[in-house]
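Below is one structure, written out as structure tokens; comments come after it.
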Amino acid sequence: MEQNILEVKHLKTYFYTEEGVVRGVDDLSYDLKEKETLAIVGESGCGKSVSSLSLLRIIQSPPAELRRKARYSLRVKIF
């Protein structure tokens, strides 16, 4: 059984604006196993970029805030 090289659990990123709270990503979870390919697709404005930037922890804060810290682990083999 191949183990996960990426696990994302309960990722949440909210933006606090003058008009209120915008949920950019709300409870995203996925696993990626060795030799699998992950494609993140969706409509414009659905949170693809915010998800990726949050995972890399390079989302601009403020106004963004990672809520309830996501649990993720990354295992990569470099050849």
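Each value in this text was obtained by applying a stated rule to the coordinates, not by laboratory testing. All figures in this text were calculated on a predicted structure; none of them were measured in a lab.
Mean projected area of the convex hull spanned by the Cα atoms of region 4-74, taken over all viewing directions: 4.9 nm². Phi-derived couplings, Karplus 6.51 cos²θ - 1.76 cosθ + 1.60 at θ = phi - 60°, listed residue by residue for region 7-12: 10, 10, 10, 6, 6, 9 Hz, with x used for Gly and Pro.
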